[in-house]
Amino acid sequence: MLAAGQALAAGIDLSKPYGDKYGCINRNGQQVAADKMLLLTDKELITAASACTFSNHQAQADGSLVVTEKCEAEGEEGQPTKFTIKRSAKDAKKLVVVDEDGNVMGEVARCR
């Protein structure tokens, strides 16, 4: 539970999954096909085209969480990459996932 403890220290609790509409629907396995899907757990980030497993978490002073992860896209292994997870400026209950280049991958809410 080290990852969850570090995520909690950053003010971001990933002990329960976060996702967009299709990410939450598919959190227990692929139940519906979706071109756009984002699911965030305490161990991984899953999109419609890739699955990324966290290898490191770093809490930042601003409350965000920088995650180093290794991604596989459609059967091909990728290089380790970093994402930043932070609270949404519009809704404090939501999280925003941003890639290394500063591109917003999506906004997610806690799955019900």
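The values are calculated or read from the model by the stated rules, or taken from the named source; none is laboratory data. What you see is a predicted model, and the numbers here were worked out from it, not measured in a lab. For neighbour counting, all protein chains shown are included, and Cβ atoms are generated from backbone atoms with ideal geometry for every residue, glycine included.
Some notes on this structure:
- Checked against (1) loosely packed, with under 14 Cβ neighbours inside 10 Å; (2) farther than 17 Å from GLU107 by Cα; (3) not aliphatic (A, V, I, L, M), ASP35 passes all but a single condition, namely (2).
- Scanning the stretch 53-64 for residues that are assigned to a loop (DSSP other than H, G, I, E, B) and in contact (Cβ under 8 Å) with a residue 24 or more places away in the chain, we see that the one that is surrounded by the most Cβ atoms within 10 Å (Cβ to Cβ) is SER64.
- Against the numbered list (1) at pLDDT 90 or above; (2) surrounded by fewer than 16 Cβ atoms within 10 Å (Cβ to Cβ), GLY29 comes up short only at (1).
- The listed residues are GLY19, GLY11, and the only one of them that is at pLDDT below 80 and either surrounded by fewer than 13 Cβ atoms within 10 Å (Cβ to Cβ) or out of contact with any Pro (no Cβ under 6 Å at 6 or more places or on another chain) (or both) turns out to be GLY11.
- Any hit, the stretch 35-45, residues being without any contact (Cβ under 8 Å) to a residue 24 or more places away in the chain and not in a loop (DSSP other than H, G, I, E, B): no
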